[in-house]
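Enquirer: I have a structure here, written as structure tokens, and I will follow up with some questions on it.
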Amino acid sequence: MFSEKKSNPNQVLARNIIGKGTTFVGDIKSQGDFRIDGKVEGTIKTSGRVVIGQEGAVDGTIECTNADVEGKFSGNLNVDQLLSLKSTANISGEVVLGKLSVEPGATFNASCNMKGSIKALKNEQKAEKTA
């Protein structure tokens, strides 16, 4: 009558939180998502999503699949898919990403390279040569 929910052993449900008033110095590597409401100085590498809360701050490097930023980030940010900047976000440094979403009011003082745009440009150049 009721189907049994099967758990996927590859599915990652871990959610890591660095709370307000907490300062973390060092490198973090995980497969789970991160929410940062405190301060991080160092490197965060994850195959999940990184959320920097409105009072959160990161100074260092982030490598992730998706990121939502409401607070401050300074350093190297590498987002495989979507980087979403809320109106209170303040970004500086170097950013490499797949897609970018920016709300009005966000501060974005960074060099930005979009993944996939090189591939699309090469495809356009090939189409022009064959035409």
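Enquirer: Among the residues of segment 97-122, which ones are more than 14 Å from Leu82 (Cβ to Cβ) and at pLDDT 90 or above? Quick ask: steps written out before the conclusion?
Expert: In the first step, residues of segment 97-122 are kept if they are more than 14 Å from Leu82 (Cβ to Cβ); the result is 104-111, 113, 117-122.
Listed by number, the residues that qualify are Pro104, Gly105, Ala106, Thr107, Phe108, Asn109, Ala110, Ser111, Asn113.
Enquirer: Picking from Ile52, Ile62, Ile28, Ile36, which residue would you name as being surrounded by 16 or more Cβ atoms within 10 Å (Cβ to Cβ) and farther than 23 Å from Ser111 by Cβ? First the steps, then the outcome.
Expert: Numbers: Ile52 fails: farther than 23 Å from Ser111 by Cβ; Ile62 fails: farther than 23 Å from Ser111 by Cβ; Ile36 fails: farther than 23 Å from Ser111 by Cβ.
The conditions single out Ile28.
Enquirer: Among the residues of segment 44-67, are any at pLDDT 95 or above and at positive phi?
Expert: Yes.
Enquirer: Exactly one condition in (1) part of a strand (DSSP E or B); (2) out of contact with any strand residue (DSSP E or B) (no Cβ under 7 Å at 6 or more places or on another chain); (3) not aliphatic (A, V, I, L, M) is not met by Asp80; state its number.
Expert: Going through (1) part of a strand (DSSP E or B); (2) out of contact with any strand residue (DSSP E or B) (no Cβ under 7 Å at 6 or more places or on another chain); (3) not aliphatic (A, V, I, L, M) one by one, Asp80 breaks only (2).
Enquirer: Turning to a different aspect of this structure: Going through segment 14-43 one residue at a time, which ones are in a strand (DSSP E or B) and of a type in the set (S, T, N, Q)? Break it down into steps so the answer makes sense when it comes.
Expert: We begin by selecting, within segment 14-43, every residue in a strand (DSSP E or B); these are 15-18, 23-30, 33-36, 39-43.
Hits for segment 14-43 are Asn16, Thr23, Ser30, Thr43.
The values are calculated or read from the model by the stated rules, or taken from the named source; none is laboratory data. Treat the numbers as computed from the prediction; the structure is a model and nothing was measured. Using ideal geometry, Cβ is built from the backbone for each residue, glycine included, and neighbour counts are taken over all protein chains shown.
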